[in-house]
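To start, the structure itself, in structure tokens.
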Amino acid sequence: MNPAIPNQTAFTNSESDGTRRGFLGVATAAGVAYLGALSYPVYRYLASPVEQSQGAATVTTVSLPEAQKLPPGSALMFRFGAKPALLIHHLDGTWTALGAVCTHLGCTVQYQADRNRIYCACHDGVYDPKTGGNVSGPPPRPLPRYRVQIGEAAVVVSLA
């Protein structure tokens, strides 16, 4: 200690090392937590297609008992495996089941009965409600079609 400098605190090597070790411990823990926080979304992104393909591969048929009460000119959203789908009861009495994921960027589409179209609000994509064909906008492909069977107890939707 220098007697010429007042209020000078003397640190020994052990006190200085403890402060450095404490700081390094906290910095390491914060770095590990930060790395974990960044890694989890990447993991979910990479694992998601595998989970979806496993879910879609096991489901080949969906029974919809509530669809029996669906009035003409309306639609019902349901899950076909891991993805949303759309069952449409047309005014002429026919039924159509289509995938409800836009082929452009994967947004969920909606049935607009008043305009007789399937619409993707993300980028103004329009699909034909009978065929699932892309009518206008950026969608590059039609919506996937499913087979519809009208039973006594339920409407059954299956892979085409």
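The values are calculated or read from the model by the stated rules, or taken from the named source; none is laboratory data. All figures in this text were calculated on a predicted structure; none of them were measured in a lab. Ideal geometry is used to build each Cβ from the backbone, glycine not excepted, and the neighbour counts take in all protein chains shown.
Of the candidates 108, 96, 103, the single residue that is within 19 Å of the chain's Cα centre (by Cα), surrounded by 18 or more Cβ atoms within 10 Å (Cβ to Cβ) and not hydrophobic (A, V, I, L, M, F, W, C) is 103.
Between 62, 42, which is among the β-branched types (Val, Ile, Thr), at pLDDT 70 or above and surrounded by 10 or more Cβ atoms within 10 Å (Cβ to Cβ)?
Exactly one residue qualifies, and that residue is 62.
Within the range 135-146, is even one residue buried (at least 16 other Cβ atoms within 10 Å of the Cβ) and hydroxyl-bearing (Ser, Thr, Tyr)? The answer is yes; a qualifying residue exists. Total residues in the range 114-130 satisfying the condition of being surrounded by fewer than 16 Cβ atoms within 10 Å (Cβ to Cβ) and among the acidic types (Asp, Glu): the figure is 2.
Taking the range 75-93 on its own, how many of its residues are over 11 Å from residue 129 (Cα atoms) and either β-branched (Val, Ile, Thr) or assigned to a strand (DSSP E or B) (or both)? Counting residues in the range 75-93 that are over 11 Å from residue 129 (Cα atoms) and either β-branched (Val, Ile, Thr) or assigned to a strand (DSSP E or B) (or both) gives 8.
Beta carbons closer than 7 Å, at least 6 apart along the sequence or on distinct chains, pair a first residue in the range 102-114 that is modelled with pLDDT under 95 with a second that is charged (D, E, K, R) for 103/141.
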